[in-house]
């Protein structure tokens, strides 16, 4: 896997492309983007115009990642932007539920933040921290798992996906029980315990998710294809599994002695 950097640049390009096309109105997910933006629109910008601008920005970021345009600056901008999007997800959760702990809504965006950070570190220092790629996958599964269980996140989008092939009642039950498996997979990936096996199972599950996403809209499928490809990479490349969170905790305690 010597083309890791290019591979994840392509993955980020897919992510930004799918996200941008949704913001431009090419998917039913536009309504969610509209509501999230409205929750953080403290300056009363015209929401439709703002979403168009954000959609164009997303597509511009996709081109920068794909063709390596000013990567040092575009990746730094991408990380800042994705952190803002993660924060907006939390604010939307708080706005909708009145609850404070919307961790899952922020975790949803961590995968892309970790991928951009992996590329940014490589661009500046020439080093590849493969663990960041696994951590990104871990938080994505944790986000979906916790939200599906009704913990710290919203599961409406998950039910919408499952409803493409199941009745609403069965979809609700499937989403709930899949929350346990997603949370388990995310936890194993996070701590680095059977993480390669967890990534393999997760990739197989994501094939189903991507197919259902394309049934809703092409941008949704493009967006989640990036997630699928990154999970496949993590499952294949053993360098992503050499250090888990236990290693870092142990190292921290050793350094304090």
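Throughout, read-outs are computed from the coordinates displayed, never taken from laboratory work. Just so it is clear, the model here is predicted, and its values are computed rather than measured. For neighbour counting, all protein chains shown are included, and Cβ atoms are generated from backbone atoms with ideal geometry for every residue, glycine included.
Fewest Cβ neighbours within 10 Å first, please rank 241, 19 accordingly.
Least crowded to most crowded, the residues run 241, 19.
Sorted from fewest to most neighbouring beta carbons within 10 Å, what does the list 42, 130 look like?
Numbers: 42 7, 130 19.
Least crowded to most crowded, the residues run 42, 130.
Annotation: extensible slack from residue 48 through residue 6 equals 11.8 nm (criterion: 0.36 nm per residue apart, minus Cα-Cα distance).
For the pair residue 32 and residue 56 in one chain, pulling the backbone fully straight at 0.36 nm per residue adds 6.9 nm over the alpha carbon distance.
A straight chain from residue 76 to residue 204 at 0.36 nm per residue would run longer than the Cα-Cα distance by 42.9 nm.
Quick one: compute the contact order of the chain, relative version, from alpha carbon pairs under 8 angstrom and 6+ residues apart, as a percent. Walk me through the intermediate numbers first.
On the way: 397 pairs, mean separation 54.3, N = 257.
This gives 21 percent for the chain.
Taking the chain as a Gaussian network, where each spring joins two C-alpha atoms under 10 Å apart, which residue of 230, 148, 27 fluctuates the most? Among 230, 148, 27, the largest mean-square fluctuation in the Gaussian network model of the chain belongs to 27. Short-range pairs are left out: with C-alpha atoms under 8 Å and at least six residues apart, the relative contact order of segment 52-144 is 26 percent. Could you tell me whether segment 20-146 comes out rounded, prolate or oblate from its Cα gyration tensor? Rule is a ≥ b ≥ c as square roots of the eigenvalues, rounded for a/c under 1.5, then prolate if a/b exceeds b/c, otherwise oblate. Cα axes put segment 20-146 in the oblate bin. Take the Kirkwood radius over Cα pairs of the chain, plug it into Stokes-Einstein at 25 °C and 0.890 mPa s, and you get 131 µm²/s for translational diffusion. Take the Cβ atoms of residue 193 and residue 125, set R0 to 30 Å, and the FRET efficiency comes out at 0.55.
Comparing 172, 41, 94 in a Gaussian network model of the chain (Cα springs below 10 Å), the most mobile by mean-square fluctuation is 41.
For segment 189-207 versus segment 57-111, the spacing of their alpha-carbon centroids is 23 Å. Look at 96, 127 and count the other Cβ atoms within 10 Å of each Cβ; fewest to most, that gives 127, 96.
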